[in-house]
Amino acid sequence: MTAVVEAGATDLSADAAFRAEVRGFLEANLPSGWRGVGGLTPGEYEEFRAHWRSLLTAHRLIAPAWPREYGGGGRTAVQSAILAEEFARAGVPRGGANDPFSIQMIGNTLLALGSESQKARFLPGIIDGTYVFCQGFSEPGHGSDLGGVTTRARRDGGEWVIEGQKIWTSNALTANWIFVLCRTGDESASRHEGLTLLLVPLDQPGIERRPIRMINGTSEFCETFFTGARTQVGLEVGGVGGGWRAATGLLTFERGETTATLPVRFRAELERLRDLLESRHALDDPLVRDEFAWCWTRVELMRLSGLNNLARWERGEPIGPESSLEKLMWSELHGRVTGLACRALGDEATTYSGPDPSSYFLCDEPGAPAGSVSSWVKVHFSALGETIAAGTSEIQRNIVAERVLGLPR
Amino acid sequence: MDFSTNPDHDSIRQSVRSLLDKLGTEQDVRRAMETERGYDTDAWAALSQQVGAAAVGVPEELGGAGFGFAELAVVLEELGAALLPSPLFATRVLAVEALVRSGDLGVRPEIESLVAGELTATLALSATGGVWAPGKTEVVARGEREEFVLDGHASFVLDGAAADVLVVAALLDGVPHLFLVDGRAEGLHRTPLETVDLTRHQARIVLSATPARLVQCAESAESVIAEVLDVAAIALAAEQLGGAQRCLDMSVEHAKNRIQFGRPIGSFQAIKHKCANVLLELDAARSAVWTAAWSVDHAPEDVPVLAAMVKAHCSEMYELAARECIQIHGGIGFTWEFAAQLYFKRAHSSALMLGTPHDHREALVRRLGLGTAV
């Protein structure tokens with residue numbers, strides 16, 4: 001349906017040359033018959049990913065939109081989205097498991113708000129893997145209500161001393177640094193004014209990371225305890241008291257790219273579902289056909305809306321509350337896709353068998369075998385977290401109602 | 001093409017809106033829907049002659065205004081928002097599409113009259129129980145060359161009682177064909193149906209040896225009808241988009257102004273979430289409807305899938321928007337006097353007309369080439 005793509009927006013086609021370059025890179029560096037990382041075992045994936053990251057770094061494709069002086073590719077935001085789309089289609093990662101935090105989140109925030117010395121120190125180090133970040137935002141007492149965080153940082157000479165606890169820290173064990181939203185203001189400071197975003201090294205006695213086991217059986221995130229943890233003064237991103245602005249800005253940086261990649265990934269997952277349903281003759285059932293058509297429609301609606309959003313983003317219009325609509329759409333769709341797979345699997349879906357999924361957030365990777373029970377079932381459980389993480393569905397609806405429709409708080 | 005900033009669309013939208021501001025108020029709607037004809041002739045004259053609405057998307061060499069189906073979708077969206085009863089859908093979307101797509105040079109004079117707003121028309125296709133499939137038509141034709149007569153009946157004919165011309169699907173030697181029938185023809189009996197949606201009149205027609213003229217289809221009549229039904233589904237989806245947006249606008253306005261328990265009811269999360277849910281479905285629909293409308297002219301091979309997709313989605317979206325509009329308005333929402341009931345009935349009927357959401361999802365599966373049982 002490539003003609004449909006021409007109807008809306010630009011399909012990012014102004015950068016056809018860059019797209020060809022990316023495809024050329026993929027062809028030159030992937031084995032023939034490559035189906036996607038979904039076809040690898042977890043061990044094979046880990047090995048592939050490390051090698052792949054080095055390759056991307058060498059080709060300046062790991063942070064394509066960062067300035068070249070820091071090791072980036074000096075590319076435009078649109079070209080970055082094109083790269084993301086092509087990589088999603090080929091079923092290869094953009095970098096390491098922590099790079100969404102290191103590059104998309106804190107790296108982009110440093111570029112926008114960081115001091116020169118922070119940029120010079122961290123950006124090249126993020127690219128070459130010296131600094132591997134995770135995110136310290138949510139606390140047991142403050143998830144949706146992030147503005148009320150209580151982890152405290154106080155000055156002690158040339159250092160900050162941090163006391164408190166963060167939770168749901170994704171990929172904390174593979175990181176060596178963390179960006180932490182701390183309260184630095186006194187009681188007279190407003191809720192938001194009293195916050196500072198600090199960069200903190202993880203390997204120190206004052207920080208303990210304890211893995212939390214999730215419903216899908218894995219332990220991808222942790223509780224992180226700060227007891228007299230220390231970091232240098234000068235590592236405040238956006239200045240002392242600038243934490244709320246930095247944190248909220250940080251969350252917007254990856255939006256242009258997810259608009260480009262989500263439809264690709266969800267379409268690939270639907271194709272796997274289709275293969276599964278056809279192999280089980282499940283499509284003989286009219287209810288299954290109806291549900292599949294509903295899911296297919298949702299993905300296509302997402303794709304067409306995405307093209308429109310991308311056109312506006314390309315023109316420099318910020319993607320604001322529309323991203324809440326996108327998040328609601330895919331996160332609530334996902335459980336229905338995986339639910340349909342489980343229905344087709346029937347009793348089999350009460351067990352685990354076959355290869356595990358190669359990733360637990362979003363769809364399983366392209367290349368994953370259609371019939372792997374464990375793959376479908378574990379992603380089905382992971383999907384439960386997708387309507388909670390990165391802003392719950394309830395919060396997203398509030399955002400849309402208040403900021404798009406203007407309903408009163 | 002970026003639909004959100006297309007200047008052609010903006011100017012067409014503006015002309016239709018200015019006209020509707022004057023001639024398409026809720027009062028106008030209620031007055032027109034109670035008439036026997038089912039629409040106001042002055043409003044139709046203004047729409048078809050001043051704005052040229054029936055000529056949009058028809059090539060200039062056939063007397064049309066040029067532009068494309070995407071521009072017609074803009075007109076339909078605005079009309080869907082206002083709910084103004086109008087012969088536009090039956091005339092331009094059903095009849096004119098069928099005649100143009102037939103490729104019959106002999107019907108050019110009819111096309112020209114229709115797009116100029118001089119005559120109105122409709123398509124009679126549905127058999128008993130509302131089956132819209134050419135092979136199932138319950139009208140039979142006999143005769144030859146220039147002289148045919150039709151016998152049988154059709155129902156759910158939009159504007160069937162008032163239309164000047166009817167395009168009728170009939171079986172000739174067991175094969176579906178299209179015929180032109182004059183609204184005042186001998187042996188044609190037209191009975192208005194008592195419709196739920198008073199803004200869209202329908203009729204049942206009975207034909208007894210009714211004289212008719214064959215429309216020569218370059219491809220088969222069956223393929224012409226299939227194309228018309230897909231295009232009509234997209235057109236209806238554009239209307240549904242306009243209507244649903246109006247429902248959401250009313251809901252939000254009320255939620256901001258209605259005070260209970262010392263605060264606007266829009267400050268309650270339940271109300272916010274209802275509005276957000278409607279917006280989610282509406283926002284998802286927009287790009288798809290525009291893409292579908294654009295594809296009618298520029299990527300017709302994509303139309304069958306897009307038509308099925310947008311009709312299913314927009315039907316459910318409009319029903320949700322209308323239902324929540326009533327719910328958010330509380331007791332008032334339930335009255336005859338308040339506008340919500342008009343939108344709800346249009347949403348209800350639009351969802352069932354030209355195929356239910358389930359029918360379209362079934363068609364989608366088939367058109368995507370899935371499964372063996374289909």
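The values are calculated or read from the model by the stated rules, or taken from the named source; none is laboratory data. Computed from a prediction, not measured in an experiment: that's the story for all the values here. For neighbour counting, all protein chains shown are included, and Cβ atoms are generated from backbone atoms with ideal geometry for every residue, glycine included.
Among B:C217, B:C247, which is touching a residue at least 12 places away in the same chain (Cβ under 8 Å), under 30 Å from B:S350 (Cα atoms) and in contact with a strand residue (DSSP E or B) (Cβ under 7 Å, 6 or more places away or on another chain)? Before the answer, list the steps.
Numbers: B:C247 fails: in contact with a strand residue (DSSP E or B) (Cβ under 7 Å, 6 or more places away or on another chain).
Residue meeting the stated conditions: B:C217.
Output the residue which, of all residues in the range A:271-314 that are over 30 Å from A:A81 (Cβ atoms) and either touching a Pro at 6+ places or on another chain (Cβ under 6 Å) or not in a helix (DSSP H, G or I) (or both), is farthest from the other protein chains (Cβ to nearest Cβ). Only one residue tops the list, namely A:R280.
Every residue, every condition in (1) closer than 19 Å to B:T120 by Cα; (2) in contact with an Asp or Glu (Cβ under 7 Å, 6 or more places away or on another chain); (3) at pLDDT 95 or above; (4) exposed (fewer than 15 other Cβ atoms within 10 Å of the Cβ), yes or no:
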| site | (1), (2), (3), (4) |
| --- | --- |
| B:N6 | no, no, no, no |
| B:H9 | no, yes, no, no |
| B:D28 | no, yes, yes, no |
| B:Y39 | yes, no, yes, no |
| B:D42 | yes, no, yes, yes |
| B:A46 | yes, no, yes, no |
| B:G66 | no, yes, no, yes |
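Residue under question is A:L197, and the condition is that it be surrounded by 13 or more Cβ atoms within 10 Å (Cβ to Cβ), touching a residue at least 40 places away in the same chain (Cβ under 8 Å) and touching a helix residue (DSSP H, G or I) at 6+ places or on another chain (Cβ under 7 Å); does it hold? Criteria met by A:L197. Checked against (1) modelled with pLDDT under 95; (2) under 30 Å from A:M214 (Cβ atoms); (3) surrounded by fewer than 17 Cβ atoms within 10 Å (Cβ to Cβ), A:A97 passes all but condition (3). Residues in the range A:360-409 that are more than 12 Å from A:S324 (Cβ to Cβ), surrounded by 18 or more Cβ atoms within 10 Å (Cβ to Cβ) and of a type in the set (D, E, K, R): A:D364, A:E365, A:K378, A:E386.
Evaluate the following for B:A299: is it in contact (Cβ under 8 Å) with a residue 40 or more places away in the chain, more than 25 Å from A:G406 (Cβ to Cβ) and within 11 Å of chain A (Cβ to nearest Cβ)? No, not satisfied.
Can you report the number of residues in the range A:201-233 which are hydrophobic (A, V, I, L, M, F, W, C), assigned to a loop (DSSP other than H, G, I, E, B) and surrounded by 13 or more Cβ atoms within 10 Å (Cβ to Cβ)? Spell out the reasoning first.
Just the residues of the range A:201-233 that are hydrophobic (A, V, I, L, M, F, W, C), to begin with: A:202, A:207, A:212, A:214-215, A:221-222, A:225-226, A:229, A:233.
Among the residues that remain, those that are also assigned to a loop (DSSP other than H, G, I, E, B) are: A:202, A:214-215, A:233.
Subsequent filtering for residues that are surrounded by 13 or more Cβ atoms within 10 Å (Cβ to Cβ) retains A:202, A:214, A:233.
Residues meeting the conditions: 3.
Taken over the range A:268-285, the criterion of being surrounded by 15 or more Cβ atoms within 10 Å (Cβ to Cβ) and within 16 Å of B:V365 (Cβ to Cβ) is satisfied by A:L270, A:L273, A:R274, A:L276, A:L277, A:E278, A:R280, A:A282, A:L283, A:D285. For the range B:89-98, the condition holds for at least one residue, the condition being that it is basic (K, R), under 30 Å from B:V196 (Cα atoms) and either modelled with pLDDT of 95 or more or crowded, with 22+ Cβ neighbours inside 10 Å (or both). Filtered by the rule that a residue be buried (at least 24 other Cβ atoms within 10 Å of the Cβ) and among the hydrophobic types (A, V, I, L, M, F, W, C), the range B:295-316 gives B:V296, B:L306, B:A307, B:A308, B:M309, B:V310, B:A312, B:C314. Scanning the range B:157-212 for residues that are in a loop (DSSP other than H, G, I, E, B) and of a type in the set (G, A, S), we see that the one that is surrounded by the most Cβ atoms within 10 Å (Cβ to Cβ) is B:A163.
Kindly evaluate B:D28 against the criterion of being away from chain A (no Cβ under 14 Å) and more than 28 Å from B:A203 (Cα to Cα). Full working, then the answer.
Values: away from chain A (no Cβ under 14 Å): yes; more than 28 Å from B:A203 (Cα to Cα): no.
It is false that B:D28 is away from chain A (no Cβ under 14 Å) and more than 28 Å from B:A203 (Cα to Cα).
Checked against (1) under 30 Å from A:E163 (Cβ atoms); (2) surrounded by fewer than 22 Cβ atoms within 10 Å (Cβ to Cβ), A:T57 meets all criteria but (1).
Would you confirm, using the coordinates I've provided, whether A:G346 is without any contact (Cβ under 8 Å) to a residue 12 or more places away in the chain, surrounded by fewer than 20 Cβ atoms within 10 Å (Cβ to Cβ), in a helix (DSSP H, G or I) and away from chain B (no Cβ under 14 Å)? Spelling it out, A:G346 is indeed without any contact (Cβ under 8 Å) to a residue 12 or more places away in the chain, surrounded by fewer than 20 Cβ atoms within 10 Å (Cβ to Cβ), in a helix (DSSP H, G or I) and away from chain B (no Cβ under 14 Å).
For the range B:51-68, filtering for residues that are within 15 Å of B:R13 (Cβ to Cβ) and assigned to a helix (DSSP H, G or I) leaves 1. The C-beta contact set for the range A:384-403 (first residue touching a residue at least 40 places away in the same chain (Cβ under 8 Å) and more than 8 Å from chain B (Cβ to nearest Cβ), second residue of a type in the set (D, E) and surrounded by fewer than 18 Cβ atoms within 10 Å (Cβ to Cβ), distance under 7 angstrom, 6+ apart or interchain) comprises A:T387/A:E332; A:S393/A:E332.
Quick check on the range B:251-267. Is at least one of its residues under 24 Å from B:G330 (Cα atoms), part of a strand (DSSP E or B) and basic (K, R)? Scanning the range B:251-267, I find at least one residue that is under 24 Å from B:G330 (Cα atoms), part of a strand (DSSP E or B) and basic (K, R), so the answer is yes. Every listed requirement among (1) at pLDDT 90 or above; (2) closer than 14 Å to A:E85 by Cβ; (3) not in a loop (DSSP other than H, G, I, E, B) is met by A:D15 save one, (1).
Selection of the range A:143-167 for residues being modelled with pLDDT of 95 or more and either touching a Ser or Thr at 6+ places or on another chain (Cβ under 7 Å) or closer than 19 Å to A:F122 by Cβ (or both) yields A:A153, A:G158, A:E159, A:W160, A:I162, A:E163, A:G164, A:Q165, A:K166, A:I167. Here the condition is being of a type in the set (A, V, I, L, M) and at the interface with chain A (Cβ under 10 Å from one of its Cβ atoms); of B:A292, B:A270, it holds for B:A292 alone. Looking for something at pLDDT 95 or above, under 30 Å from A:E402 (Cβ atoms), under 22 Å from the mean Cα position of the chain (by Cα) and among the charged types (D, E, K, R) - is there at least one such residue anywhere in the range B:309-320? There is at least one residue in the range B:309-320 that is at pLDDT 95 or above, under 30 Å from A:E402 (Cβ atoms), under 22 Å from the mean Cα position of the chain (by Cα) and among the charged types (D, E, K, R). Apart from one condition, B:E253 fits all of (1) within 11 Å of chain A (Cβ to nearest Cβ); (2) of a type outside the set (A, V, I, L, M); (3) in contact with a strand residue (DSSP E or B) (Cβ under 7 Å, 6 or more places away or on another chain); the exception is (3).
Those strands (runs of 3 or more DSSP E) of the range A:102-190 in which at least 2 residues are of a type in the set (V, I, T), out of contact with any Lys or Arg (no Cβ under 6 Å at 6 or more places or on another chain) and buried (at least 17 other Cβ atoms within 10 Å of the Cβ), considering only elements entirely within it, cover A:159-170, A:177-183. Any residue at all in the range A:332-340 that's assigned to a helix (DSSP H, G or I) and over 24 Å from the mean Cα position of the chain (by Cα)? Within the range A:332-340 (the criterion being assigned to a helix (DSSP H, G or I) and over 24 Å from the mean Cα position of the chain (by Cα)), the answer is yes, since at least one residue qualifies. Quick check on the range B:324-374: of everything there that is more than 14 Å from chain A (Cβ to nearest Cβ) and part of a loop (DSSP other than H, G, I, E, B), which residue is surrounded by the most Cβ atoms within 10 Å (Cβ to Cβ)? Residue satisfying both the conditions and the ranking: B:L354.
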